[in-house]
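S.K.: Below you'll find the structure I mean.
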Amino acid sequence: MIINIHQHLVRLAKLAIVENFRERQLRGENPDPPDLGDEAIQQTLATVLGLMAARRIDLAGASPRAKAMATHDGTAEQNEIWADLNNGLVLRAAQLNKGTFAPIGMLGQHPSVPAEKCAKQLVKWVEQGFIGFNFDPDGTGARWQGQPFTGRQWYPVFEAAEAMDVPLVIHASESCNDNFPHTAVHYLVGDTVGVVLPMVFASQLFKDFPRLRFVIPHGGGPLACQDGRFEALAAFNKKQGWANPHQLMEQGNLLVDSCMYKKRNMRALFDAIAADFILFGDESDGAFPEVINPETGDHYDNTKLYIDALEISEDDRDKVFEKNARRVYPKIEQWITVT
């Protein structure tokens with residue numbers, strides 16, 4: 001079985017009726033959430049479903065568009081409604097395509113929101129079948145003006161995630177900073193922060209939440225080429241309680257996905273990180289749609305091609321494509337169709 005844990009349903013969030021709702025909401029009009037029929041939802045999924053079939057992906061952990069989280073916008077109340085709308089659409093996509101999608105949600109994050117509110121939202125959606133949640137480590141639109149996301153201000157969310165046995169995917173969102181274009185820079189900064197801050201705060205954070213799991217997308221950000229730097233930093237700051245990222249992986253607290261867009265990048269990822277801690281990620285229409293890699297003649301985001309080309313054991317291949325996802329996302333079992 002091939003399980004992809006990094007699938008954004010971008011076209012759902014880009015529906016005119018959905019974008020119009022958000023625009024009106026941000027203007028303070030308090031509109032009613034749009035009512036989408038099954039056919040409208042299914043039409044937005046045609047490209048993703050076609051790519052999944054062509055790439056022989058059996059099941060995708062599907063989440064809302066990352067940019068659309070826009071946790072810096074609106075108010076805490078508006079963002080809770082916005083998150084619920086997007087989660088509801090993803091859930092319906094999963095229900096309409098049973099055995100094809102497993103829902104991963106977003107939370108109504110905002111600089112002013114009480115973490116307890118997001119924690120309750122997390123529990124609510126897990127009870128409806130969600131297997132994990134994207135979590136914005138910034139929340140200020142790439143201004144990075146808030147407290148470290150690993151701080152106590154988010155402990156209620158971490159407590160809920162641990163109690164419900166779901167991982168948090170540390171994924172940045174929209175950028176309002178021209179120095180940090182969102183996909184080119186801000187997302188990679190978010191990945192780096194997702195690796196480094198757990199290292200810095202490890203001695204207390206994972207003592208308080210030993211079963212908390214963070215998934216770092218896009219190959220773990222800089223880990224594939226800079227794991228030596230982070231090992232050295234951990235050793236240099238050992239007295240301050242820093243942890244080696246490989247130690248956090250061994251503990252089960254830190255995982256990465258395989259969203260790397262060239263064979264050499266994928267090889268570097270597998271050289272740096274053991275297969276036990278890599279989850280297959282393939283964005284299928286979510287990253288650079290229709291942009292072709294001249295080395296393969298296929299889309300850059302067809303990451304399975306790069307893994308297939310690696311000389312790794314069948315056991316490692318099984319871990320990356322299926323077993324790791326089922327271990328890290330145990331709630332996924334309810335969405336797997338037994339044939």
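The values are calculated or read from the model by the stated rules, or taken from the named source; none is laboratory data. Values in this document were obtained by computation on a predicted structure and should not be read as measured data. Positions of Cβ are generated from backbone atoms using ideal geometry, with glycine treated the same way; all protein chains shown enter the neighbour counts.
S.K.: Of the numbered conditions (1) within 18 Å of the chain's Cα centre (by Cα); (2) free of Cβ contacts under 8 Å to residues at least 60 places away in the same chain, A60 satisfies every one except a single condition; which is it?
M.R.: (2)
S.K.: Let me ask something else about it. So V185 clears everything in (1) closer than 22 Å to H8 by Cβ; (2) crowded, with 17+ Cβ neighbours inside 10 Å; (3) of a type in the set (A, V, I, L, M, F, W, C) except one condition, right? Which one?
M.R.: Exception for V185: condition (2).
S.K.: Could you tell me which of the residues I17, I41 is hydrophobic (A, V, I, L, M, F, W, C) and under 20 Å from G61 (Cα atoms)? Spell out the reasoning first.
M.R.: Details: I17 fails: under 20 Å from G61 (Cα atoms).
None of the others qualify; the one that does is I41.
S.K.: Going through the stretch 35-55 one residue at a time, which ones are part of a loop (DSSP other than H, G, I, E, B), surrounded by 12 or more Cβ atoms within 10 Å (Cβ to Cβ) and at pLDDT below 95?
M.R.: Looking only at the stretch 35-55, we keep the residues that are part of a loop (DSSP other than H, G, I, E, B), and these are 35-37, 45.
Remaining after also requiring surrounded by 12 or more Cβ atoms within 10 Å (Cβ to Cβ): 36, 45.
L36, the sole residue that qualifies.
S.K.: Further question: Name the residue that is surrounded by the fewest Cβ atoms within 10 Å (Cβ to Cβ), counting only residues in the stretch 89-104 that are over 14 Å from I3 (Cβ atoms) and in contact with a Pro (Cβ under 8 Å, 6 or more places away or on another chain).
M.R.: The qualifying residue surrounded by the fewest Cβ atoms within 10 Å (Cβ to Cβ) is L91.
S.K.: Take the residues in the stretch 318-339 that are free of Cβ contacts under 8 Å to residues at least 24 places away in the same chain and charged (D, E, K, R); name whichever of them is nearest to V166 (Cα to Cα).
M.R.: The initial filter retains those residues of the stretch 318-339 that are free of Cβ contacts under 8 Å to residues at least 24 places away in the same chain, namely 318, 323, 327, 333, 338-339.
Next, only the ones that are charged (D, E, K, R) stay: 318, 323, 327, 333.
Working: D318: 21, K323: 16, R327: 10, E333: 12 Å.
Across the stretch 318-339, the extreme among qualifying residues is R327.
S.K.: Taking the stretch 246-284, which residues are hydrophobic (A, V, I, L, M, F, W, C), out of contact with any Phe, Trp or Tyr (no Cβ under 6 Å at 6 or more places or on another chain), surrounded by 18 or more Cβ atoms within 10 Å (Cβ to Cβ) and farther than 17 Å from Y329 by Cα?
M.R.: Across the stretch 246-284, the qualifying residues are L248, C259, M260, L269, F270, A272, I273.
S.K.: Which ones in the stretch 162-219 are farther than 14 Å from T150 by Cα, among the small types (G, A, S) and in contact with a strand residue (DSSP E or B) (Cβ under 8 Å, 6 or more places away or on another chain)?
M.R.: G219
S.K.: I'd like the residue in the stretch 211-245 that is without any contact (Cβ under 8 Å) to a residue 40 or more places away in the chain and under 18 Å from the mean Cα position of the chain (by Cα) and, out of all such residues, is surrounded by the fewest Cβ atoms within 10 Å (Cβ to Cβ).
M.R.: Residue satisfying both the conditions and the ranking: P222.
S.K.: Six or more apart or on different chains, Cβ under 6 Å: which pairs go from a residue in the stretch 289-314 that's closer than 16 Å to A54 by Cβ to one that's exposed (fewer than 14 other Cβ atoms within 10 Å of the Cβ) and of a type in the set (V, I, T)? Could you list them?
M.R.: Note: pairs meeting the criteria are Y300/V291.
S.K.: For the stretch 27-77, how many residues meet the condition of being in contact with a Phe, Trp or Tyr (Cβ under 9 Å, 6 or more places away or on another chain) and more than 30 Å from D308 (Cβ to Cβ)?
M.R.: Of the residues in that region, 9 qualify.
S.K.: Could you grab me the full set of residues in the stretch 100-149 that are touching a helix residue (DSSP H, G or I) at 6+ places or on another chain (Cβ under 6 Å), under 20 Å from D165 (Cα atoms) and among the β-branched types (V, I, T)?
M.R.: Answer for the stretch 100-149, where residues must be touching a helix residue (DSSP H, G or I) at 6+ places or on another chain (Cβ under 6 Å), under 20 Å from D165 (Cα atoms) and among the β-branched types (V, I, T): V123, V126, I131.
S.K.: Which condition from (1) assigned to a helix (DSSP H, G or I); (2) closer than 24 Å to L188 by Cα is the one that R92 breaks?
M.R.: In the conditions (1) assigned to a helix (DSSP H, G or I); (2) closer than 24 Å to L188 by Cα, R92 misses (2) alone.
S.K.: Follow-up. Any chance the stretch 65-75 includes a residue that's modelled with pLDDT of 95 or more and either touching a His at 6+ places or on another chain (Cβ under 6 Å) or among the basic types (K, R) (or both)?
M.R.: Scanning the stretch 65-75, I find no residue that is modelled with pLDDT of 95 or more and either touching a His at 6+ places or on another chain (Cβ under 6 Å) or among the basic types (K, R) (or both), so the answer is no.
S.K.: Only one of A13, A53 is touching a Pro at 6+ places or on another chain (Cβ under 9 Å) and at negative phi; which?
M.R.: Numbers: A53 fails: touching a Pro at 6+ places or on another chain (Cβ under 9 Å).
Just a single option satisfies the conditions, and that option is A13.
S.K.: Within the stretch 313-333, how many residues are over 18 Å from V215 (Cβ atoms) and surrounded by fewer than 16 Cβ atoms within 10 Å (Cβ to Cβ)? Can you show your working first?
M.R.: If we filter the stretch 313-333 for residues that are over 18 Å from V215 (Cβ atoms), which is where we start, we get 313-318.
Cutting the leftovers down to surrounded by fewer than 16 Cβ atoms within 10 Å (Cβ to Cβ) gives us 313-315, 318.
Qualifying residue count for the region: 4.
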